[in-house]
Structure formats: C-alpha cells, structure tokens
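Asker: Here you go, one structure.
The values are calculated or read from the model by the stated rules, or taken from the named source; none is laboratory data. Since this is a predicted model, take the numbers as computed values, not measurements. Virtual Cβ from ideal backbone geometry, glycine too; neighbours counted across all protein chains shown. Accessible surface is based on the protein model in full, side chains and every heavy atom, while ligands, DNA and RNA are left aside. Shrake-Rupley method; radii C 1.70, N 1.55, O 1.52, S 1.80 Å.
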Amino acid sequence: MGQRPIPAISMRDFENRKEEIGRKLVDAAEKIGFFTLVDHVLSVEEIEKQFAVSQKYFAQPMEKKREIPYDNNTSLGYEKNYTVLARLWVSLRTTSRKPWMYQRTNCTNQLRMLYYPEVENSAGGWRHGNHTDIGCLTLVFQRDGEDGLDVMPGRKTHTSAIHGDDFFLIPAKMGPIVVNIGDMLMAWSDDRFKANWHRVRAKSVGFSPARYSLGYFNMGREDFVFQGPLKKYPAITCGEYFHNHIKKQFEFFFACLCMSIEWKN
Ligand SMILES: O=C(O)CCC(=O)C(=O)O
Ligand SMILES: [Fe+2]
C-alpha cells in the first residue's frame, strides 16, 4: 500500500480567497473525495482539549463508560462494537433489540470520539472495516503518530460497492482537519463529488500504538428534501436517505456475518 498526498487546502484569509478556496474544494471533492483543511480557525490547543476529554472518558472502567445509556432525552451512549471500537454518539438514538432501527432527532449531526487500543501483530489488521460515510461531510481529527486511516479513491456512484484503485494511507497529523465526502453528498451532487471507501487499520506485523480520533459527521436536516441539479436520482429527504442507508448497511453486515458463520461450520 503506497502513500499519496491528499490535497491540503489553506483557509487563510478566507473572506478574500473564497473563490479560490471554493475551486480547490470542488476539485478535491471531484477527484478524490478526501482533503485536509489547514490554516483554519481551530487552534491545536482547542483540538487537544477535545482529545483530552476523549482520553479521560475512555480511560474509565467499562462499568463507568456503560453508565452513559442510550437515552432518548440526551441522545448519548457508549458503544463497544465488534472491532473493539468505542464511540460516543451524539444526536443518534438506538434501541438495544434491533440495531438497524435507528431513530433520530431532527438534527442528524453526530460527534464521535473514537478509540482503538494499542495492539501487537493485529490479526487481519482491522480496526474499522471498509466503509463509506452516510452523510454529507465528515471532519476527522487525528493525532501525530497514530496512523491507520486509509482511503481508496475511484468510486463511480454513491450506491456502488465496487472498489477503485488501491488503498493509501492518510498520515495522522495534529492540526489539519481531514475532510471526506459522504454518500448523501455524492447522491446530492449526481455522483460528481466522491464518497470513497476508507478504513482504519493496525499493523498485522509489529506494534501499533493506540489511536484516538474525533469524527464530526454532518448531514442535512431530517425533513430537508434534496435532489441533484441533473436529477439523476429521485428527490428524497435527508432523514429517509439516512434511514434507508443504515438499514442497508446492517443488512449487509448481517449477511456477511451469516456467510462467515456458515462458512466456518
Ligand atoms: O477513526 C477514524 O479516524 C475514522 C473513522 C471513520 O471513518 C468513521 O467513523 O466513519
Ligand atoms: Fe468513515
């Protein structure tokens, strides 16, 4: 797997450079769907403060973390998923019985604090499997030396499961904000902006330090109807699109799980 730089777009002097910045954003969104924002308004100190909150939270004993329930009023909850990935969900609610039955408040944005424990010779190297993001834009914050985020450019349509080129690493760096396009924006742009496959890996040989990342997932309001300028896809509300996608992802996940159980037996 090689390394290929993704475009770094400077936000310096934004008011006077709007046009130029806009062109660069569009170019990066069309070509690769991943880019970093540099010279933005968030200071390293502010980002580090949020990482400190995350680190403090995950350092607590499991019983303590589980004390944050999936609560309909606060919409907060702790999840320890099958890749030992822990997330703090904001603005998403779930029921414990049927994971694909997500309900949402009107605001669908989420902030997730992610933690991948350190690992030696990780079997298969998985931390977060291949996926595309569902929403419009995802902002990912990383810390120096905690590599693992890989991207695979080349997706043609927002529904396609076909992979493009090979994966390449986006080195983890404190400060720049990694931005990626989600499926909703790819559909909204008639597949012009690319929501590409990405994943988080640990080394299958050698030591991988723990990785903390922060993801801010942006989507349109639940009842907002969107359709691309070319009307390539039918008009749909952001809420409906999100709901359908979650359902499809879980169906796909369970189909894979069933196949692997049958295969093992
Ligand atoms: O951990 C990361 O840096 C990325 C996670 C991710 O891609 C996601 O949560 O959608
Ligand atoms: Fe993602």
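Asker: Taking the simple approach of a point 7 Å from Cα along Cα-to-Cβ for both ASP166 and ARG12, what is their distance in nm?
Answerer: Placing both labels 7 Å beyond Cα along the Cβ direction yields 3.5 nm.
Asker: Pop a pseudo-label 7 angstrom from the Cα along the beta-carbon direction at both LEU42 and THR237 and give the gap in nm to one decimal.
Answerer: Placing both labels 7 Å beyond Cα along the Cβ direction yields 3.0 nm.
Asker: Oh, and also: Provide the gained length on full extension for the span VAL53 to VAL26, in nm with one decimal, where the gain is 0.36 nm per separating residue minus the Cα-Cα distance.
Answerer: Full extension from VAL53 to VAL26 adds 6.4 nm.
Asker: Another question, then. Could you tell me which of the pairs LYS18/LYS156; LYS18/LYS232; LYS194/LYS232; LYS65/LYS247; LYS65/LYS173; LYS56/LYS248 are separated by over 25 angstrom between their Cα atoms in the structure shown? Mind showing how you got there, number by number?
Answerer: Values: LYS18/LYS156 28 Å; LYS18/LYS232 29 Å; LYS194/LYS232 15 Å; LYS65/LYS247 27 Å; LYS65/LYS173 27 Å; LYS56/LYS248 34 Å.
The pairs that break the limit, which is 25 Å between Cα atoms, are LYS18/LYS156; LYS18/LYS232; LYS65/LYS247; LYS65/LYS173; LYS56/LYS248.
Asker: Give me the one-decimal nm value for the distance between modelled label points at ALA123 and GLU251, 7 Å along each residue's Cα-to-Cβ direction.
Answerer: Roughly 3.1 nm, to one decimal.
Asker: Would you tell me the accessible area of ASP147, worked out with a 1.4 angstrom probe on the heavy atoms of the protein chains, in Å² to the nearest 10?
Answerer: 70 Å²
Asker: For Cα pairs less than 8 Å apart in space and 6+ apart in sequence, what is the mean separation divided by the residue count of the range 104-228, i.e. the relative contact order in percent?
Answerer: Details: 304 pairs, mean separation 56.5, N = 125.
Rounded, it is 45 percent for the range 104-228.
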